[in-house]
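J.: Encoded as structure tokens, here's the structure I'll be asking about.
The values are calculated or read from the model by the stated rules, or taken from the named source; none is laboratory data. It should be emphasised that the depicted structure is a prediction, and the values quoted were computed from it without experimental measurement. Glycine gets a Cβ as well: all are built from the backbone with ideal geometry, and neighbour counts include every protein chain shown.
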Amino acid sequence: MKIQNGRLVGDGIDHVESPNRGGRFGEGAPDTIVIHYTAGRSRQTAVDTLTDPARRVSSHLVVGRDGGISQLLPFDVIGWHAGESAWEGRTALNNYSIGIEIDNAGQLEERDGRFLSWFDQEYPEEEMVRGVHRNQTEVTCWHRYPDEQLQVVGDLCGLLVAEDGIAHILGHEEISPDRKVDPGPAFPLDELRRRLLSPPVAALTKAAEAG
Ligand SMILES: [Zn+2]
């Protein structure tokens, strides 16, 4: 997988243009990735929503549960995924960020031993993760992200950090904490940041040795 002219090239990637977009990013942007879950049924329903001119929402990428990727916007164009948002003195994070939507049903309601999404689909227990959301205090239930999907999201973030000047990886729940809980505690956001944004000492030493 690589980036050519603002587009991903590689196996398992399809391109669908979303009409929901701003202009080109300003100087020095994008420097941030915002991670989302779709809170939906499938990658296809997410792509349908994020390319529907009536919905006025979009993201640069959608990652399916099988690790397949849909790119909806080139990386040099502003998407409409973050909405009202703020982080470290900035507002309107759309103007600074690449949006990655991950196919995931979101928070699940536990009812009589069953696990139901907000759209009333039942998920088996092995697809459920319990965790405490960073903005909450109670243990609640969340839809699991399959390993192959997490692998692809990690690869995408690594590629964007290496080739596109990305220096920050944030969850929607961090930039819009009053109204958003995605990607939630089932997503290893802190681990991803540690791995991609703060190189471990061993790697730094190795790089120094390599000259
Ligand atoms: Zn979101």
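J.: Which one of these does Glu173 not meet: (1) over 28 Å from Arg7 (Cβ atoms); (2) away from the ligand (no atom under 16 Å from the Cβ); (3) surrounded by 14 or more Cβ atoms within 10 Å (Cβ to Cβ)?
T.: It fails just one condition, (2).
Yes/no matrix, rows are residues, columns are (1) within 16 Å of the ligand (Cβ to nearest atom); (2) at pLDDT 95 or above:
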position	(1), (2)
Arg130	no, yes
Thr137	no, yes
Cys141	no, yes
Tyr145	yes, yes
Glu148	no, yes
Asp155	no, yes
Ala162	no, no
Gly165	no, no
Ile169	yes, yes
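J.: Give the residues of region 20-64 that are without any contact (Cβ under 8 Å) to a residue 40 or more places away in the chain, within 13 Å of the ligand (Cβ to nearest atom) and among the hydroxyl-bearing types (Ser, Thr, Tyr), sorted by residue number.
T.: Matches in region 20-64: Thr49 only.
J.: Another question about this same structure. Which members of region 65-83 meet the condition of being among the aliphatic types (A, V, I, L, M) and within 12 Å of the ligand (Cβ to nearest atom)? Steps first, answer last, please.
T.: First, the residues of region 65-83 that are among the aliphatic types (A, V, I, L, M): 69, 72-73, 77-78, 82.
Answer for region 65-83, where residues must be among the aliphatic types (A, V, I, L, M) and within 12 Å of the ligand (Cβ to nearest atom): just Ala82.
J.: Which of the residues belonging to region 87-122 are without any contact (Cβ under 8 Å) to a residue 24 or more places away in the chain and closer than 18 Å to Pro183 by Cα?
T.: Matches in region 87-122: Leu116 only.
J.: Same structure, new question: Do you know which of the residues in region 181-198 that are outside any helix (DSSP H, G or I) and surrounded by fewer than 19 Cβ atoms within 10 Å (Cβ to Cβ) is nearest to the ligand (Cβ to nearest atom)?
T.: Here the residue is Pro188.
J.: Can you find even one residue in region 43-59 that is in contact with a His (Cβ under 6 Å, 6 or more places away or on another chain) and not in a strand (DSSP E or B)? Spell out how you get there, then give the answer.
T.: The first filter runs over region 43-59 and keeps only residues in contact with a His (Cβ under 6 Å, 6 or more places away or on another chain), leaving 59.
Those left that are additionally not in a strand (DSSP E or B): 59.
Looking for residues that are in contact with a His (Cβ under 6 Å, 6 or more places away or on another chain) and not in a strand (DSSP E or B), one finds at least one in region 43-59, hence yes.
J.: Among the residues of region 12-44 satisfying the criterion of being over 22 Å from Ala186 (Cα atoms) and basic (Lys, Arg), which is surrounded by the most Cβ atoms within 10 Å (Cβ to Cβ)?
T.: Filtering first and then ranking leaves Arg21.
J.: Filter region 78-92 for residues that are closer than 14 Å to Gly28 by Cβ and not in a loop (DSSP other than H, G, I, E, B) and give the result.
T.: Arg90
J.: Could you tell me which of the residues Gly22, Gly12, Gly40 is at pLDDT below 95 and small (Gly, Ala, Ser)?
T.: Gly12
J.: Within region 84-120, how many residues turn out to be more than 25 Å from Cys141 (Cβ to Cβ), surrounded by 14 or more Cβ atoms within 10 Å (Cβ to Cβ) and within 12 Å of the ligand (Cβ to nearest atom)?
T.: Matching residues across region 84-120 total 5.
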